[in-house]
Amino acid sequence: MVKVGIIGVGTVGTSVAKILKENADIISARAGQEIIVKSGVVRNLKKDRGLDIKLTDNVDDILNDEEIDVVVELMGGVEEPFEIVKRALKSGKAVVTANKALLAYHRYELQAIAKDIAFEYEASVAGGIPIINALRDGLSANHIESIVGIMNGTCNYMMTKMTNDGVDYDSILKEAQDLGYAEADPSFDVGGYDAAHKLLILASIAYGIDAKPEDILIEGIQNVSQDDIAFAKEFGYAIKLLGIAKKDANEVELRVHACLISKDEMIAKIDGVMNAISVVGDKVGETLYYGPGAGGDATASAVVANIIDIARSGKSAPMLGFDKAFDGKLTLKATDDINSKYYLRINVSDKAGVLAKITKIFEDNNISIETMLQRPSLASSANLLISTHIALEKDIQKMIKDMEALEFVNSTPVMIRIV
Ligand code: NAP
Ligand code: HSE
């Protein structure tokens, strides 16, 4: 029998305990032995969670319990769970986590501590989709050329509702929180950080890149407005928050931001809380993974799969799929050197000569305009909606700064990259 201690019995932890009970028959058949939850840790012992497991508010009750074989960390955060997971591994307990923020900062240190003690984290990326398994094991014969996908269920849910139903940003964020999709601090979702944490985990497995969130380009969906959505609809695009990893010779570019994607692309059709990740390998070609990216049961499905694997063998391969990073051959591409097409929304005073001055700034920064629309905005102002041909990130950033300094530009221009 395998005994589990769950540290954090909230949205995901509650579902883990329920699945282990409700599907006990199939789980023990697949694991080759019974798996039971011995106890769980929460902050608030008074809250009813509808579970019949023993609850405590002291992590030592799990970490010092010699009967517990597997510690499941589902509390969230970074430094506190880092200390807890280290203690669990050092005392020889297997660990399963869904905590991508923890792994975004400490995955290499944890791999070094875990050695051959099982440490699994399938649910940390794309909820119920077994993308870690696919990348680490199923595609292990390939050089990975790119990983591009919708990696945050909350943002995709919000963008879908804002696009299809015109629902406003704040009420739809509240709905995503009520459904259990959002992080405890939802600014991690809408700010793009949660997707970046996931991208960094995938980039470690695919490229051995040891980067932290601070090292890469991260933008969220906070500035996307109904004007941008209307432009997208008119020009045949969907707006999605994407995580993008691309290998180019010895460099890898890693970035998370809102994107305008042609409606014909498969990924543009992924709606609601669903995630989809395309992985291109040099031998296999393109593979696509689709499924629910957030929510208690979907995420717990991946957590329980990890527990079953541990019950089967008790060990795991190196958690990132290799012992050392790949000789430092691949380095992170500088954000300034990224190439893209861009869309800009520029709110200007609606008066003679402004358009000519704006187009001159594009020319001065070596940026070529592809399409342009002018929409009346509030009294005596207008929104210029402009898309560009391929340009360099550093040129676009410089041009935005140049525009901000102009008295007839009313606010910082909003920019969305076109993929
Ligand atoms: P949650 O609902 O907020 O649950 C967190 C649980 O941890 C709660 O039971 C909380 O206790 C407990 N907790 C937090 N800090 C604690 C502390 N210092 N001491 C003791 N207990 C503590 O979070 P969640 O949505 O289940 O997410 C858990 C983890 O899974 C996070 O790392 C998250 O990023 C990840 N994840 C979530 C999803 C999702 O869809 N929700 C999907 C994939 C990954 P109380 O209940 O008493 O407050
Ligand atoms: N908050 C995350 C999301 C949970 O919305 O995708 C799943 O990782």
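Where a number appears in this text, it was derived from the coordinates with a stated rule and is not lab data. Everything numeric in this text was worked out from a predicted model, so none of it was measured. Note that we place each Cβ from the backbone using ideal geometry, even for glycine, and neighbour counts take in every protein chain shown.
Remark: for residue pairs K161/K341; K161/K212; K240/K329, the C-alpha separation exceeds 28 Å in K161/K212; K240/K329.
Note: the stretch 140-290, Cα convex hull, 113 Å³ per residue.
Of the residues G149, V256, N133, the one whose Cα sits farthest toward the positive end of the charge dipole of the chain, with +1 on the Cβ of Lys and Arg and -1 on the Cβ of Asp and Glu, is N133. When the charge dipole of the chain is built from unit charges on Cβ atoms (+1 for Lys and Arg, -1 for Asp and Glu) and taken about the Cα centre, the candidate among V59, V354, M399 whose Cα reaches farthest toward its positive end is V59. Note on the chain: GNM, Cα springs under 10 Å; of E122, E234, E251, the largest mean-square fluctuation is that of E234. A crude spin-label estimate for the pair D402 and I26, with each label 7 Å from Cα along the Cβ direction, gives 6.0 nm. Mean separation of Cα pairs under 8 Å and 6 or more residues apart, divided by the residue count, gives the chain a relative contact order of 17 percent. With the simple model of a label 7 Å out from the Cα in the direction of the Cβ, N339 to K47 spans 4.9 nm.
Calculated on the alpha-carbon coordinates, the convex hull of the chain measures out at 147 cubic angstrom per residue.
Extension gain for the segment N164 to Q33, taken as residue separation times 0.36 nm less the Cα-Cα distance, is 42.4 nm to one decimal. Residue order for C259, C155, fewest other beta carbons within 10 angstrom first, comes to C259, C155.
Each of K3, K240 was scored by other Cβ atoms within 10 Å of its Cβ. Arranged with the fewest first, they read K3, K240.
If one computes P(r) from the Cα atoms of the stretch 104-155, what percent of pairs lie at distances over 18 Å?
46
Springs join every pair of Cα atoms under 10 Å in this Gaussian network model of the chain, and among G293, G50, G92 the largest mean-square fluctuation is at G50. When restricted to Cα atoms, the stretch 274-322 yields an Rg and a Dmax of 14.1, 35 Å, respectively. Length, then width, then depth: along the principal axes, the Cα atoms of the stretch 243-389 run 74, 39, 24 Å. For every helix of n ≥ 4 consecutive DSSP H residues, a contribution of -39,500 (n - 2.57) applies; sum these over the chain, divide by its total residues, and give [θ] at 222 nm rounded to the nearest 500 deg cm²/dmol. Mean residue ellipticity, 222 nm, calculated: -10500 deg cm²/dmol. Projected onto its three principal axes, the C-alpha set of the stretch 316-383 covers 66, 27, 16 Å, listed from the longest axis down. Computed from the alpha carbon atoms alone, the convex hull of the stretch 336-418 holds 79 Å³ per residue.
Placing +1 on the Cβ of every Lys and Arg and -1 on the Cβ of every Asp and Glu, with nothing else charged, gives the stretch 336-418 a dipole about its Cα centre of roughly 260 debye. Result for the chain in a Gaussian network model with C-alpha springs under 10 Å: among A379, A88, A294, the largest mean-square fluctuation is at A379.
For E253, E407, E286, E73, which order do you get if you count the other beta carbons within 10 Å of each Cβ and list the fewest first? Result, fewest neighbours first: E407, E286, E253, E73. Note on K398: aspartates and glutamates with a C-alpha under 16 Å away, same-chain residues under 8 apart excluded, are D336, D337, E363, D364. The charge dipole of the chain, taken about its Cα centre with unit charges on the Cβ atoms of Lys, Arg (+1), Asp and Glu (-1) only, comes to about 280 debye. Under 21 Å of direct C-alpha separation, and excluding same-chain neighbours fewer than eight residues apart, K18 reaches these lysines: K3, K38, K46, K47, K54. Net charge dipole, the stretch 140-290: roughly 400 debye, given to the nearest 20, about the Cα centre with Cβ charges of +1 for Lys and Arg and -1 for Asp and Glu.
Label sites at D185 and Y108, each approximated as a point 7 angstrom past Cα along Cα to Cβ, lie 2.4 nm apart. What aspartates and glutamates could a cross-link reach from K315, if we take a straight Cα to Cα line under 14 Å and drop same-chain neighbours fewer than 8 places away? In chain and number order, the partners are D69, D116, E120. In the structure shown, the pairs K21/K324; K198/K394; K246/K360 are assessed against 27 Å; a Cα-Cα span above that value is assigned to K21/K324; K246/K360.
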